[in-house]
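One structure, pasted below without further comment.
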Amino acid sequence: MSKPIKNMMVADYKRRFEGIQDALLVDIRGIEANDNNALRQGLHAEGIRITVVRNTLARDAFKDTSLETLTEGLEGPSAMCYGGESVVNVARTLIDWAKKVKNLDLKGACLDGEYFDGHDGVQRLGDFPTREEAQAKAVQLLLSPGGNVVGAAKGPGSAILGIVKEIQERLEKGQEISKVS
């Protein structure tokens with residue numbers, strides 16, 4: 001391939017992957033055509049894109065970007081998966097697809113400049129909470145002490161209310177009130 005063609009492809013990669021912070025690498029070699037189409041359509045339905053890349057050109061395109069850590073996994077046939085709500089969702093989706101599709105190899109992923117190597121790394125990334133899940137946990141942690149304070153404040157009031165209610169019931173029945181337990 002001539003130098004001008006390579007430069008055009010590197011420029012295309014830079015343009016295509018501009019603004020992408022996190023992604024996964026997979027090897028889709030050896031997947032049957034029907035499975036490949038089903039995989040691509042399933043990923044597209046989730047808002048996930050898959051692009052086959054040339055390793056040396058991708059290394060040049062990823063230089064000085066947040067995707068530079070992916071260069072560690074750019075060996076052999078590589079396809080880059082990105083998009084969706086977050087890279088954690090992409091990892092979870094691809095882990096599910098790897099169970100269904102024979103020969104889908106999860107090569108690695110990057111998140112916030114950290115590289116997750118191989119299937120185990122992608123599995124570990126898939127166990128991370130998504131941004132929404134992490135925000136929900138943070139809100140829950142912030143609100144739980146307030147709930148405990150409200151519960152503690154209501155506790156004595158509930159006990160008094162129970163005693164008053166017992167007195168009311170006994171008076172309505174015409175019983176004498178000597179001691180409420």
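For segment 1-50 and segment 59-79, what is the centre-to-centre distance using only Cα atoms, to the nearest Å?
Computed from Cα coordinates, the inter-centre distance equals 12 Å.
Then there's this: Given H placed 1.01 Å from N in the peptide plane, which residues other than close sequence neighbours of G108 have an amide H under 5 Å from its amide H?
Residues meeting the criterion, in which the H sits 1.01 Å from N, are L25, G118.
Something else: Measure nothing fancy, just the Cα-based angle from helix 33-45's long axis to the longest principal axis of the chain, in degrees from 0 to 90, nearest 10.
Rounded to the nearest ten degrees, it is 50.
A further question follows. Test of understanding: given the chain, find the longest segment containing no trypsin sites (Lys or Arg not before Pro) that are in a DSSP loop and have at most 11 other Cβ atoms within 10 Å.
My reading of the result: 1-101 is the longest stretch.
Determine the calculated [θ] at 222 nm for the chain from helices alone, applying -39500 (n - 2.57) to every DSSP H run no shorter than 4 residues and normalising by the residue count; nearest 500 deg cm²/dmol.
Calculated mean residue ellipticity at 222 nm is -18500 deg cm²/dmol.
Note down the relative contact order for segment 3-128 as a percent, whole number, built from C-alpha pairs under 8 angstrom at least six residues apart.
For segment 3-128, the relative contact order is 34 percent.
For volume of the Cα convex hull per residue in Å³, several values are listed as (1) 145; (2) 154; (3) 191; flag the one computed from this structure.
The value matching this structure is (3).
Here's something else I'd like to know. How far, in nm, would the chain grow between L143 and Q41 when pulled straight, counting 0.36 nm per residue and subtracting the alpha carbon separation?
Separation in residues times 0.36 nm, less the Cα-Cα distance, equals 32.6 nm.
Further question: In straight Cα distance, which aspartates and glutamates are under 17 Å from K3, not counting same-chain residues fewer than 8 positions off?
D12, D60
Does segment 1-98 classify as rounded, prolate or oblate by the C-alpha gyration tensor (a ≥ b ≥ c root eigenvalues; a/c under 1.5 gives rounded; else a/b over b/c gives prolate, otherwise oblate)?
prolate
Sticking with this structure for a sec: Want the number for R16 to K102: 0.36 nm per residue separation, take away the alpha-carbon distance, what's left?
28.1 nm
Output wanted: per-residue J couplings in Hz (rounded whole) for segment 101-109, from phi through Karplus 6.51 cos²θ - 1.76 cosθ + 1.60, θ = phi - 60°, x for Gly and Pro.
With the stated coefficients, segment 101-109 comes to 9, 5, 6, 7, 9, 8, 8, x, 7 Hz.
For the chain, take the longest principal axis of its alpha carbons; what is the angle in degrees between that and the long axis of helix 3-16, to the nearest 10 within 0 to 90?
In the chain, helix 3-16 runs at an angle near 10 degrees to the longest axis.
Also, I was wondering about something else. Compute the long axis of helix 131-173 from its Cα atoms, compare it with the longest principal axis of the Cα atoms of the chain, and write down the angle in degrees, 0 to 90, nearest 10.
Tilt of helix 131-173: around 10 degrees.
A short reminder: the numbers here are calculations on the coordinates, not readings from a lab. Note that the structure is a prediction, hence the values are computed from the model and not measured. Because the Cβ atoms are built from the backbone with ideal geometry, glycine has one as well, and the counts that use them run over all protein chains shown.
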